[in-house]
1. In debye, nearest 20: dipole of segment 65-110 around its Cα centre with unit charges on the Cβ of K, R (+) and D, E (-)?
2. Mind checking the dipole of segment 76-198: about its Cα centre, +1 per Lys or Arg Cβ, -1 per Asp or Glu Cβ, Debye to the nearest 20?
3. Counting heavy atoms of the protein chains only and a 1.4 Å probe, report the per residue accessible area for segment 128-198 as a whole number of Å².
4. If you split all Cα-Cα distances of segment 79-198 into 10 Å bins from zero, what percentages do you get per bin, shortest first?
5. What's the extension gain from residue 150 to residue 191 if we count 0.36 nm per residue and subtract their Cα-Cα distance?
6. Considering only 66, 102, 89, whose Cα is most displaced toward the positive end of the charge dipole of segment 47-130, charges sitting on Cβ of Lys, Arg (+1) and Asp, Glu (-1)?
7. Which percent of the accessible area of segment 65-156 is formed by carbon and sulfur heavy atoms (probe 1.4 angstrom)?
8. Under a point spin-label approximation (7 Å from Cα along Cα-to-Cβ), what is the residue 63-residue 51 distance to one decimal in nm?
Amino acid sequence: MKLFYRKIIITIAALCSILFFSITYSKDKDTSEKPELKFRNDGTFKIIQFADIQDGADIDKRTIALMERILDYEKPDLVVLTGDNIDGSCKSESDVRKAIDNIAKPMETRHIPWAVVFGNHDTDHGKMSKKEMMKVYMSYPYNISQEGLSNSDRVGNYNLLIKASKGSAPAFNIYMLDSGGYLSDTKEYDWIKPNQIA
């Protein structure tokens, strides 16, 4: 009888140690790994571009509905937001975060990788810097943006590699460049600079 209880105690101890290891391993495991970009087996790769969404914390529901319809119909491998993603209507940092969350949801709920660059209106609100906003964008699980090279007022100069459908060799490169805001001495829009390209 003692042998029977001893076996039960050993079994319970073993199960507890396995459970403890599993909990510890899952807690310490890096879950921030971002999705990789890869050509499909048929050699295709579909990119959807959304430009000039220019909305705030109270986004027009038609904007989101259109984004969702396009994503559901096209089923892209990557979505790129190419500047002027939000506008100057945000009155606080929480408004900026809500505006970003509005435009992130269509991709996040569909588990589609997405990336952003900044345009001339993204900082019109004056409530967050580009670096701060980029950190917010990058905090989403399916966002693959990078802070990249930062110079003067430019943030988010980076590239995205798309792997070949067979193997892991890069097959395509997408360059993402911040086009700036306004020229300091005029109200004219700025442009991509040679040092960003270099």
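The values are calculated or read from the model by the stated rules, or taken from the named source; none is laboratory data. Here the structure is a predicted model, which is why all the values come from computation and not from measurement. For neighbour counting, all protein chains shown are included, and Cβ atoms are generated from backbone atoms with ideal geometry for every residue, glycine included. Ligands, DNA and RNA are excluded from the accessible area calculation, which covers all protein heavy atoms including side chains. Shrake-Rupley method; radii C 1.70, N 1.55, O 1.52, S 1.80 Å.
1. 120 debye
2. For segment 76-198, the charge dipole is close to 460 debye.
3. Dividing the accessible area of segment 128-198 by its residue count gives 59 Å².
4. Going from the shortest bin to the longest, the percentages are 13, 43, 33, 10, 2, 0.
5. 13.3 nm
6. Towards the positive end, the residue furthest out is 102.
7. 51 percent
8. 1.7 nm
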